[in-house]
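Since every read-out is calculated from the coordinates, none of them should be taken as a lab result. Since the model is a prediction, treat every value here as computed from it, not as a measurement. We place every Cβ from the backbone using ideal geometry, glycine too, and count neighbours over all the protein chains shown.
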Amino acid sequence: MLDPSANFDGAYTFCYDETNNIRKFYLRESDFNSTFTDNFVLGGLVYQGAAPDVQSLIDSFKLQKSVKEVKFKHIAKGGFIECLSSQKLKLFFEYIASNGLYIHYSSLNILYWSIVDIVDSAVELSEVSQQLGPQFANTMKNDLYKLARIEIDSMISLFRKYGYPNIKKNEVLSFIEDMSDLFTDYLDDVEFHFGLESLRQILKEAKKKDSLPFVMDADDFVLINDFSQFYLRPVYMFKNSQHIFDNEESIVKLLSEYKIMYDSKELNNFVFVDSESNQLIQLSDVLVGLIGKLYSYVNTNNRVQIHSDFCSLSQIQRDNIDLLLWLIDRSRDKNIGFLRSTDAYEEMSKIEVIRACRIESHA
């Protein structure tokens with residue numbers, strides 16, 4: 001859903017790079033073709049007016065002369081916590097904060113995205129569920145995601161058995177029954193009861209109609225065919241803005257297959273450039289690289305561990321996480337449309353644990 005406070009009519013310049021672009025996400029015999037704990041992230045820097053001269057920032061990194069373009073790996077290395085120890089990262093954040101730049105990104109949890117169509121299919125067939133609104137559906141999606149994380153091997157076996165996301169009409173009933181069997185051990189758990197029991201009940205409508213409309217008539221085992229919609233979305237949502245993408249061959253080819261129209265006119269508001277010749281694209285690589293590390297961290301750590309980690313940071317780590325959170329808030333305040341996360345409450349709420357730790361430390 002679109003936030004009514006987002007300003008999609010403004011004129012901005014968006015610079016993009018991406019991380020964890022696996023091209024396609026699919027099931028193999030006993031696992032996925034890629035780890036599901038790494039979010040796909042597309043984003044970078046955004047500004048209004050003339051492009052800022054960032055040469056002084058790049059000079060401050062003092063990179064080797066052989067380095068032709070700035071990459072995230074030149075600025076920070078290791079996991080998210082280790083990356084926060086980088087002095088170069090602090091220079092990057094401080095420059096953005098003081099030079100009229102903002103950040104933007106779209107983050108996609110690929111496992112969550114791969115299973116939520118089960119819930120959407122059930123809701124589509126239930127008038128009562130539709131009346132209860134998106135919060136109700138999101139609660140079911142969140143609990144299904146949490147279950148999938150715990151029962152990932154069983155979920156993979158279920159999907160393999162039925163060719164998910166291409167459930168055949170004559171197998172809808174047995175697919176729902178087999179999936180509902182996975183719920184059984186969790187229905188009495190207060191953490192899962194409302195979401196899973198609600199989903200179990202509305203799936204009864206799907207059983208009666210032999211239909212799960214959004215997980216039928218697709219390709220067997222292909223959970224995400226490509227990420228084109230995440231590149232297209234900002235182009236048509238921010239129609240008065242300019243969008244500068246890294247000249248990545250597969251993306252150029254993908255977007256060339258689409259003609260983006262608005263008011264019967266084709267939008268020509270995006271270009272592809274060689275990152276080696278565009279410093280803002282290079283710096284966008286730094287931003288999305290770090291955001292990718294952030295989501296990989298929260299996807300693989302529980303709240304207790306996150307609280308422990310963020311209560312024992314060094315001074316430079318504290319400075320960097322505070323700067324990152326401040327830049328996120330500043331960019332959201334500028335335009336909430338700059339930031340988009342397609343993810344489970346389970347994972348997004350862990351970001352709030354990080355925020356709470358930082359508030360505690362400042363108290």
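Which values, in whole Å and largest first, are the semi-axes of the equivalent ellipsoid of the range 25-94 obtained as the square root of 5 times each eigenvalue of the Cα gyration tensor? Mind dumping the intermediate values first?
Working: eigenvalues 198, 58, 32 Å².
So the equivalent ellipsoid measures 31, 17, 13 Å along its semi-axes.
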Using 7 Å Cα-to-Cβ label points, what is the Glu248/Ala51 separation (nm, one decimal)? 2.0
Measure nothing but the geometry: give the 0 to 90° angle between the long axis through the Cα atoms of 87-98 and the longest principal axis through the Cα atoms of the chain, rounded to 10°. 90
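Out of all DSSP beta bridges with both ends in the chain, state the antiparallel percent to the nearest 5. Numbers along the way, then the final one.
Values: 17 of 28 bridges.
Once the DSSP bridges in the chain are tallied, antiparallel ones form about 60 percent.
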Given C-alpha coordinates of the range 250-363, what is the ratio Rg to Rh with the Kirkwood estimate of Rh? 1.07
Limiting things to C-alpha atoms, what are the Rg and the maximum Cα-Cα separation (Dmax) for the range 59-135, in angstroms? 21.5, 64
In the set [x] 65, 54, 40; [y] 76, 65, 48; [z] 60, 46, 37, which value of Cα extents along the principal axes in Å was calculated from the structure you see? [x]
What does the highest-first list of 205-211, 81-87 look like by mean Cβ count within 10 Å? 81-87, 205-211
Taking the inverse of the average 1/r across all pairs of different Cα atoms in the range 208-283, what Kirkwood radius in Å do you get? 15.0
Can you order the peptides 231-243, 26-38 by their average number of other Cβ atoms within 10 Å per residue, highest first? 231-243, 26-38
Given a Förster radius of 41 Å and the C-beta distance between Val271 and Asp31 as r, what FRET efficiency does 1/(1 + (r/R0)^6) yield to the nearest 0.05? 0.60
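Report, to two decimal places, the Cα Rg of the range 111-222 normalised by 2.2 N^0.38 Å (N = number of residues). Intermediate results must be reported in sequence, preceding the final value.
Working: Rg = 12.8 Å, N = 112, 2.2 N^0.38 = 13.2 Å.
For the range 111-222, the normalised Cα radius of gyration is 0.97.
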Provide Rg and Dmax in Å for the range 56-102, with only Cα atoms included in the calculation. 11.2, 30
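If packing is taken as the average number of other Cβ atoms within 10 Å across a peptide's residues, how do 263-273, 337-347 rank, most packed first?
Numbers: 263-273: 12.0, 337-347: 20.1.
Ranked by mean Cβ neighbours within 10 Å, highest first: 337-347, 263-273.
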What residues of the range 37-63 lie in the reach of a label at Ile22, counting those whose backbone N is under 11 Å from a point 7 Å from the Cα along Cα→Cβ? 37-40
